[in-house]
1. So in region B:19-59, with the set limited to residues that are in contact with a strand residue (DSSP E or B) (Cβ under 9 Å, 6 or more places away or on another chain) and hydroxyl-bearing (Ser, Thr, Tyr), which one is nearest to B:Val101 (Cα to Cα)?
2. State yes or no: is A:Lys9 basic (Lys, Arg) and closer than 23 Å to B:Thr87 by Cα?
3. For the condition free of Cβ contacts under 8 Å to residues at least 60 places away in the same chain and in contact with a Gly (Cβ under 9 Å, 6 or more places away or on another chain), what is the one hit in B:Glu26, B:Glu42?
4. Looking at region A:5-56 only, could you name the residues that are among the acidic types (Asp, Glu) and within 22 Å of A:Val112 (Cα to Cα)?
5. Condition first: aromatic (Phe, Trp, Tyr) and closer than 25 Å to A:Ser93 by Cβ. Can you find one or more residues in region B:63-83 that meet it?
6. Just give me the residues in region A:86-97 being of a type outside the set (A, V, I, L, M) and either in contact with a helix residue (DSSP H, G or I) (Cβ under 8 Å, 6 or more places away or on another chain) or modelled with pLDDT of 95 or more (or both), in sequence order.
7. Among the strands (runs of 3 or more DSSP E) lying completely within region B:1-51, list those that include at least 2 residues that are within 16 Å of the chain's Cα centre (by Cα) and either of a type in the set (Phe, Trp, Tyr) or surrounded by fewer than 19 Cβ atoms within 10 Å (Cβ to Cβ) (or both).
8. Hey, can you tell me all the residues within region B:1-32 that are modelled with pLDDT of 95 or more and among the aromatic types (Phe, Trp, Tyr)?
Amino acid sequence: DPKIIQKPKYLVAVTGSEKILICEQYLGHNAMYWYRQSAKKPLEFMFSYSYQKLMDNQTASSRFQPQSSKKNHLDLQITALKPDDSATYFCASSQDRYQDTQYFGPGTRLLVL
Amino acid sequence: QQQVRQSSQSLTVWEGETAILNCSYENSAFDYFPWYQQFPGEGPALLIAIRSVSDKKEDGRFTIFFNKREKNLSLHIKDSQPGDSATYFCAASARTGGYKVVFGSGTRLLVSP
């Protein structure tokens, strides 16, 4: 059974629209993360959450907003989408933010037209 | 400034050979170095990791050699198999940095039969 679920697997959006990327982990972890992967930047750290609180934000744009409704959920809302946002977005988790080992989900591939 | 650098974007070896993937880093505070393996369409998965107190870590066909003084490390894949063809990311984190993981740009390994 998959331990980290990301939905949807593929997403096509038009420029200017808004989308939410879903992430749920069933590893019992307390820290969750978002990364972005594209041809320009292979694995780029975006956010980290610990016990549902934002710990680190390396995303310059406020168009990216993580949302944690439950301890094992960390969704990513992206507003005013741009073609440059096209990338694969990975959710990851670790036991807590002081644990080095992070486990990654399968990713959501976003294409903005 | 790229804190973790992987010298080769791609590497091709023949089946049965030892593949050597190199990585260097700049931050002396880094003390944990995981290597992640990523297959197309999947998320990165932890392959093997080493702490800076060790100079070698072995797990089956995979070995990390670590040189703290030179600030570099390498991943050796012995008896390479076509199934090892994937992208390998070197990463690093530091206790003092809140364990935020910094990834290299990846090396795409192709093992030819």
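The values are calculated or read from the model by the stated rules, or taken from the named source; none is laboratory data. Note that the structure is predicted; figures quoted are calculated from it, not measured. All Cβ positions, glycine included, derive from the backbone under ideal geometry; neighbour counts span all protein chains shown.
1. Going through the qualifying residues, I end up with B:Tyr32.
2. yes
3. Every option except B:Glu42 fails the conditions.
4. Listed by number, the residues that qualify are A:Glu18, A:Glu44.
5. no
6. Within region A:86-97, A:Ser86, A:Thr88, A:Tyr89, A:Phe90, A:Cys91 qualify.
7. B:10-14, B:19-25, B:32-38, B:45-51
8. Once the filter is applied, which keeps residues that are modelled with pLDDT of 95 or more and among the aromatic types (Phe, Trp, Tyr), region B:1-32 yields B:Trp14, B:Tyr25.
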